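Asker: This is the structure I have questions about; it appears just below.
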Amino acid sequence: MSTERLSIRIGANPPARFDKALARDVPEAAALSRTRLARLIGEGAVTRGGVPVTDPKAKVAEGDVIEIALQPAEEVDTIAEDIPLTVVYEDAALIVIDKPAGMVVHPAPGSPKGTLVNALLHHCGDSLSGIGGEKRPGIVHRIDKETSGLLVVAKSDKAHHALAAQFEKHSAERAYLAVCHGAPDPGDARLRGVRGASFEAGGVLKLTTGLGRHRTDRQRQAVTFEGGRHAITRARILESFGQGAAALIECRLETGRTHQIRVHMAHAGHALVGDPVYGGRRRAGAASLGEVAARAINGFPRQALHAAVLGFNHPDDGRALRFEAALPADMQALLDVLRG
């Protein structure tokens with residue numbers, strides 16, 4: 001494939017900086033993010049009058065004609081693997097997957113193979129038009145390895161930018177189902193004393209804190225009230241078991257931070273069942289739940305968390321899309337025992 005050349009004329013009253021003026025006037029259809037434009041400027045792929053402009057702070061004037069040389073999307077080093085996927089929805093712009101627990105989303109030094117990206121490279125093939133100049137799927141958001149459920153992946157730069165903007169503005173709908181220790185009841189005086197916790201209409205628990213890396217364990221996140229990234233989680237009880245010894249809850253994210261639900265629920269004193277990182281050594285007692293149910297809770301092998309609902313507007317035509325994924329077999333079996 002040959003190099004594509006994009007010509008842009010700078011409009012009236014341009015920003016003082018070259019990179020900002022270019023970002024303002026580049027056609028939306030080109031789907032070039034500011035990050036991609038900055039990279040192209042640095043590579044000398046952006047010219048004015050045939051001369052490369054490599055200084056993002058260079059001056060620019062109305063009427064300047066800028067040309068961008070766009071190379072075909074490069075193949076990535078990540079290996080495409082024929083791994084079965086549960087595809088909930090797919091079109092030319094995006095794909096929605098119901099990810100199983102145990103699958104890592106993106107390759108990393110510790111897990112270069114067997115990830116969702118490896119599987120998508122095989123599944124999507126030539127339908128990937130390129131993200132940031134590379135022929136790869138655009139990961140818009142992630143869910144933890146041992147969390148199951150829905151996530152959307154972009155196939156093109158345009159879709160990736162549009163979807164990422166919705167998640168950044170918190171306009172995408174995300175609801176999770178979880179089983180937690182105890183029941184976050186509005187009548188619990190202890191819970192009302194937890195900093196950052198409040199209750200809204202309908203008995204919805206609202207947790208508002210900062211989240212940042214743990215001071216001593218860099219693999220963990222921790223609640224903070226000085227700095228950190230702003231995080232809000234809302235949780236409501238759907239079903240309670242053993243006189244409040246455990247509960248099925250629905251959690252909705254206003255923000256999407258790493259491990260947010262897991263950290264927030266642990267902070268509230270209602271860690272998720274099976275959470276090896278934030279659950280501590282909490283054990284369910286047979287006195288309130290019965291021996292069989294207590295054994296099922298204490299033996300659950302992962303955090304009992306499932307991304308059950310995902311809603312967003314289609315990046316091409318604005319259609320409202322909403323998807324639901326049924327509980328995976330292990331969580332359903334756990335609930336069956338608790339209801340037994």
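Asker: For a protection proxy built on the mean count of beta-carbon atoms within 10 angstrom, sort 284-291, 269-276 highest first, please.
Answerer: Ranked from most to least packed, the peptides come out as 269-276, 284-291.
Asker: Gain in length, LEU70 to GLU291, computed as 0.36 nm per residue apart minus the alpha-carbon separation, to one decimal in nm?
Answerer: Computed gain between LEU70 and GLU291 is 73.1 nm.
Asker: Is segment 182-292 rounded, prolate or oblate when judged by the Cα gyration tensor, a ≥ b ≥ c being the square roots of its eigenvalues, rounded requiring a/c under 1.5 and prolate requiring a/b larger than b/c?
Answerer: oblate
Asker: Now, a different point. Read through the labelled values (1) 20.5; (2) 18.7; (3) 17.9 and report the label of the one computed as mean projected area of the Cα convex hull in nm² from the structure.
Answerer: (1)
Asker: A further question on this structure: Lys and Arg at +1, Asp and Glu at -1: add these up for the other residues within a Cβ distance under 15 Å of HIS141 and post the number.
Answerer: +3
Asker: Could you order the peptides 295-303, 224-232, 100-108 from most to least packed, using the average number of other C-beta atoms within 10 Å per residue?
Answerer: Order by mean packing, descending: 295-303, 100-108, 224-232.
Asker: One quarter of the convex hull surface, Cα atoms only: what value does that give for segment 144-239 in nm²? Mind showing how you got there, number by number?
Answerer: On the way: hull surface 34.5 nm².
With the hull built on Cα positions only, its mean projection is 8.6 nm².
Asker: Among ILE143, ILE97, rank each residue by its count of other Cβ atoms within 10 Å, from fewest to most, as a rough exposure measure. Mind dumping the intermediate values first?
Answerer: Values: ILE143 21, ILE97 24.
With the sparsest Cβ surroundings first, the list reads ILE143, ILE97.
Asker: Cross-link candidates for LYS20: which lysines have Cα within less than 16 Å, leaving aside residues fewer than 8 places away along the same chain?
Answerer: LYS57, LYS59
Asker: Rounded to the nearest 20 Debye, what is the dipole magnitude of the chain about its Cα centre when Lys and Arg each give +1 and Asp and Glu each give -1 at the C-beta?
Answerer: That gives the chain a dipole magnitude of about 1380 debye.
Asker: In addition: Among 328-338, 253-263, how do they line up from the highest to the lowest mean number of other beta-carbon atoms within 10 Å?
Answerer: So the peptides 328-338, 253-263, ranked by packing, come out 253-263, 328-338.
Asker: Given a Förster radius of 22 Å and the C-beta distance between HIS106 and THR255 as r, what FRET efficiency does 1/(1 + (r/R0)^6) yield to the nearest 0.05?
Answerer: On the way: r = 20 Å, r/R0 = 0.92.
The calculated FRET efficiency here is 0.60.
Laboratory data are not the source of any read-out in this text; all were calculated from the coordinates shown. In this text the structure is predicted, and so the values were computed from the model without any measurement. In this analysis, Cβ positions are derived from the backbone assuming ideal geometry, glycine residues included, and neighbour counts consider all displayed protein chains.
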